[in-house]
Amino acid sequence: MTYHSEKDIIEGCLKNDRVAQKALYENFKTRMYTLAYRITGNFDDASDVLQDGFLQVFGKLEAFKGESKLSSWIHTIIARTAIRKIKDRIYFQDIETADTAALIDWGASIDIDHLEKAIAALPEGYRAIFVLYEIEGFKHREIAEMLEFSENTSKSQLFKAKKILREKLNQFVN
């Protein structure tokens, strides 16, 4: 059977139809792998997250009530799985927060590869918060819940991540 709508795919997955499961996986694998890689910073970890995350998706699909988009629901599962994968490796360096003058010279050309490399070079904790907030659109409350700390910690660590990112981008520009 060929599945054309998201509803049909979900119904097929709930019946353990392998074709429907493959269709669901194929529809989301690239975006979810990218998310997992951005959070973990490691291809092998991202692959593990993708596999573990989709096992959770298929195992919990009957709990999906359609109150949000399916893509948002899967996105959250993959993000949480990625955070769990790196959680024991997350630490935050104690950096000074007073120097905000190290702004990026946006007049200079910053190429997307430099930006991706700078994000990937962030320490894991900062990278995770930066990716979740700035790229994936999670709110500080959601990030704090995932990482089990306060919203203020999420905010302060995002500030520090941006400071480190500015410094790394300035190195590429200069």
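The values are calculated or read from the model by the stated rules, or taken from the named source; none is laboratory data. In this text the structure is predicted, and so the values were computed from the model without any measurement. Reconstructed Cβ throughout: ideal geometry from the backbone, glycine too, with neighbour counts over all protein chains shown.
Take residue 64 and decide whether it is surrounded by fewer than 17 Cβ atoms within 10 Å (Cβ to Cβ), farther than 30 Å from residue 166 by Cβ, at pLDDT 95 or above and among the aromatic types (Phe, Trp, Tyr). No.
Inside the range 143-171, residues that are more than 14 Å from residue 119 (Cα to Cα) and without any contact (Cβ under 8 Å) to a residue 40 or more places away in the chain make up a count of 11. Is it true that residue 94 is modelled with pLDDT under 85 and closer than 26 Å to residue 30 by Cα? Taking the combined requirement at face value, the residue does not satisfy it. Surrounded by fewer than 16 Cβ atoms within 10 Å (Cβ to Cβ), part of a helix (DSSP H, G or I), out of contact with any Gly (no Cβ under 8 Å at 6 or more places or on another chain) and not assigned by TED's automatic domain parsing to the domain that holds residue 141 - does that describe any residue in the range 38-45? Yes: one or more hits.
All of 78, 39 fail the test of being under 23 Å from residue 144 (Cβ atoms) and at pLDDT 95 or above, apart from 78.
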